[in-house]
Amino acid sequence: MPTPPHPDTALAAALLDRWTALLGRVAAPGSAASAPFGDELLRRWSEPQRKYHTLRHLAAVLDVADELADEAEDPDAVRLAAWFHDAVYAPERSENEERSARLAERVLTEAGVPATVTAETARLVRLTATHEAAAGDRNGAVLCDADLAVLGGTPAAYAAYAAAVREEYAFVPDDAFREGRAAVLEQLLALPRLYRTPAAQSVYAVAARSNLLWELSALRP
């Protein structure tokens, strides 16, 4: 019996198909082939230091962005931003979003994506540093909601997410991690509205608050 493919291998192939279709829609006709750019992104999203910010996270964000596409002004710019929003990821560094945005500017320019779409993609990537989409920023609202949808998962899924985040920060001592993570959770809980789109608010908000409170209590027994 042949050995079945590794789940992430199949996922990478499916993601590459999505990337190729996306770039085919937004890039100028006759632009550079999309595969090398997609391969570079998949390699980045598969780096060994990633435990949560993996291909599975990328796929999940793309899936929610698709579900919320009607809420966006430019759904394909949101999808491009999803591809790049954690493309540069080093847990010990604080400028990942800026470096990811610059990568988007380089890659999308080389790929023949119009300058306006490239600029919007980079803006959206930078927005994920705070997840504070301004009123009326429909693209920003969709991307931020897609990125934060994990907070509104089932208790088991959320526990797996929290454990993976801790793994990514394994180099941080327990006391320091608990303090820093608790501050992040409290900031999220203090927001008047965690999700900006009505659809995401209705689907994820109640579960997200419950999950955040659960993790906060676990960090501060």
In a GNM of the chain with a 10 Å cut-off on Cα contacts, which of A69, A160, A111 has the highest mean-square fluctuation? A160
One finds, for Q187 and T9 with R0 = 30 angstrom and r their Cβ-Cβ distance, a FRET efficiency to the nearest 0.05 of 0.20
Once you've got the GNM for the chain with C-alpha springs shorter than 10 Å, pick whichever of A115, A27, A81 has the biggest mean-square fluctuation. A115
Short version: ³J(HN,Hα) in whole Hz for each residue of the range 38-52, in order, from phi by Karplus 6.51 cos²θ - 1.76 cosθ + 1.60 (θ = phi - 60°), x for Gly and Pro, what are they? x, 4, 4, 5, 4, 4, 5, 6, 10, 4, x, 6, 8, 10, 10
List every residue whose amide H lies under 5 Å from the amide H of D74, counting only residues 5 or more places away in sequence or on a different chain, with H placed 1.01 Å from N in the peptide plane. N139
Expressed per residue, the solvent accessible area of the chain in Å² (1.4 Å probe) is about 50
Rounded to the nearest 500, what is the 222 nm mean residue ellipticity of the chain from helices alone, with -39500 (n - 2.57) per DSSP H run of 4+ residues and division by all residues? -21500 deg cm²/dmol
Between R193, R138, R93, find the one with the highest GNM mean-square fluctuation for the chain; connect C-alpha pairs within less than 10 Å. R93
With θ set to phi - 60° and the Karplus curve 6.51 cos²θ - 1.76 cosθ + 1.60, what are the ³J(HN,Hα) couplings of the range 17-22 in order, to the nearest whole Hz, using x for Gly and Pro? 4, 5, 4, 4, 5, 5
Using the Karplus curve 6.51 cos²θ - 1.76 cosθ + 1.60 with θ = phi - 60°, what ³J(HN,Hα) values do you get for each residue of the range 184-198, in whole Hz, with x for Gly and Pro? 5, 5, 5, 5, 5, 5, 7, 5, x, 8, 5, 10, 9, 8, x
Any chance you could run the full-extension gain for A160 through S46? It's 0.36 nm times the residue separation minus the Cα-Cα distance, nm to one decimal. 39.2 nm
Taking the range 116-221, which chymotrypsin sites (Phe, Trp or Tyr not before Pro) meet the DSSP loop condition and have no more than 12 other C-beta atoms within 10 Å? F171
Between R25 and A69, what is 0.36 nm times their sequence separation minus the Cα-Cα distance? Round to one decimal in nm. 14.3 nm
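The values are calculated or read from the model by the stated rules, or taken from the named source; none is laboratory data. None of these values were measured; they are calculated from a predicted model. Glycine also receives a Cβ, built like all others from the backbone with ideal geometry; neighbour counts cover every protein chain displayed. Ligands, DNA and RNA are stripped out before the accessible areas are found, and what is left, the full protein with its side chains, is counted by its heavy atoms. Shrake-Rupley method; radii C 1.70, N 1.55, O 1.52, S 1.80 Å.
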